[in-house]
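Worksheet: the structure to be examined is printed underneath.
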Amino acid sequence: MAKLNLSVAVGTYDRTRALIDGSVQIDGVKPVCMTLSPEEIFFRALRHAEFDICELSLSSFTVKTAQGGGDYVGVPAFVSRAFRHTSIYVRTDRIKKPEDLKGKRVGVPEYQLTANVWARAILQDDYGVKPSDIHWIRGGIEDADRPEKISITLPKDVKLDNAPAGKSISALLAEGAIDGFIAPRPPAVPKGTPNIGWLFPDPVAAAKDYFKRTGIFPIMHLVGVRRTIAEQHPWLPGAVFKAFEQAKAAGLELLSDTSATKVTLPFVEERLGEARALMGEDFWSYGIAPNRKTLETFLKHHHSQGLSSRLVTPEEMFHPGTHEFFKL
């Protein structure tokens with residue numbers, strides 16, 4: 001059987017590198033791999049469905065699923081995960097604790113970004129700060145003209161305005177026109193800009209406490225397969241899931257090899273041991289079953305924040321061929 005020639009667009013992570021370099025193959029596929037930034041992949045995938053297999057935003061994909069499905073079917077290979085306590089920056093001369101954000105102006109690059117859904121969930125669940133308590137200002141982190149990738153309709157009690165023409169949310173934060181900033185990337189301000197810092201002075205301690213209480217390691221990105229190809233070849237999503245699992249395992253094996261550190265960072269062995277002690281051996285799990293609570297928490301907040309028109313279930317997010325996998 002001739003292999004399918006398919007484009008694959010993912011970030012260049014240790015957990016995807018074996019797919020990119022070809023040491024792990026997707027059964028039945030001859031890939032053309034492109035390593036791009038998440039912002040570029042998501043924009044091109046959501047606007048024009050340019051890729052056959054690609055990394056996707058969990059939030060944007062949930063919006064499409066709630067609407068009846070978009071151009072891609074989901075594969076529960078969660079190639080990006082992050083505790084988003086590090087995503088919340090504030091004017092430290094005004095904001096001392098999360099509750100101080102009530103009634104304040106907070107900038108976001110896009111309201112529906114996955115990182116922002118999780119940050120708002122943390123503020124609401126742990127500190128009683130609801131999305132309607134904040135006046136949201138939307139603008140690019142660096143480029144003032146960054147648009148929302150997909151159209152959204154927010155609840156009437158949520159106030160969202162565009163940043164002034166020509167102003168990024170980083171500039172607004174630096175000059176004090178807004179009180180906070182939530183985004184997957186830090187504000188683009190010169191190092192040492194006064195009165196700008198994390199809302200949580202020790203975000204690692206806050207994230208560890210969050211995990212101990214909830215068992216949740218927030219999911220940011222999943223993998224999508226173009227729907228038309230999956231319909232023609234129903235075996236493909238399962239093959240993609242298998243390959244991404246194998247690539248992640250290869251990355252973790254290298255990370256665990258202490259003969260020569262694979263990451264340009266000291267104390268990697270110690271940090272890996274700490275992560276496993278806190279979160280278990282399979283701390284970066286793929287698949288629906290080990291991630292059900294995390295997915296259901298996200299989907300609940302996504303709906304309550306007005307981003308999905310109905311409450312979506314984990315099963316309908318992902319192709320049936322990826323719900324279960326064979327075991328020897």
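The values are calculated or read from the model by the stated rules, or taken from the named source; none is laboratory data. Computed from a predicted model, the values in this text were never measured in an experiment. No Cβ is skipped: glycine too gets one built from the backbone with ideal geometry, and neighbour counts run over all protein chains shown.
Filter region 116-159 for residues that are small (Gly, Ala, Ser) and modelled with pLDDT of 90 or more; which is surrounded by the most Cβ atoms within 10 Å (Cβ to Cβ)?
GLY139
Any idea how many residues of region 17-28 are crowded, with 21+ Cβ neighbours inside 10 Å and within 20 Å of ALA230 (Cβ to Cβ)? Outline the logic, then answer.
Just the residues of region 17-28 that are crowded, with 21+ Cβ neighbours inside 10 Å, to begin with: 18-19, 26.
Filter once more, so that each one left must be within 20 Å of ALA230 (Cβ to Cβ): 19, 26.
Number of matching residues: 2.
Filter region 304-328 down to residues that are surrounded by 15 or more Cβ atoms within 10 Å (Cβ to Cβ) and free of Cβ contacts under 8 Å to residues at least 12 places away in the same chain, then give me how many there are.
Going through region 304-328 one residue at a time, the tally reaches 1.
List every residue pair whose Cβ atoms lie under 7 Å apart, where the two residues are 6 or more positions apart in sequence or sit on different chains, the first residue falls within region 195-211 and is within 20 Å of LEU278 (Cβ to Cβ) and in the same structural domain as LYS96 (by TED's automatic domain parsing), and the second residue, located anywhere, is polar (S, T, N, Q) and buried (at least 16 other Cβ atoms within 10 Å of the Cβ).
Short answer, once both residue conditions are applied: PRO203/THR86.
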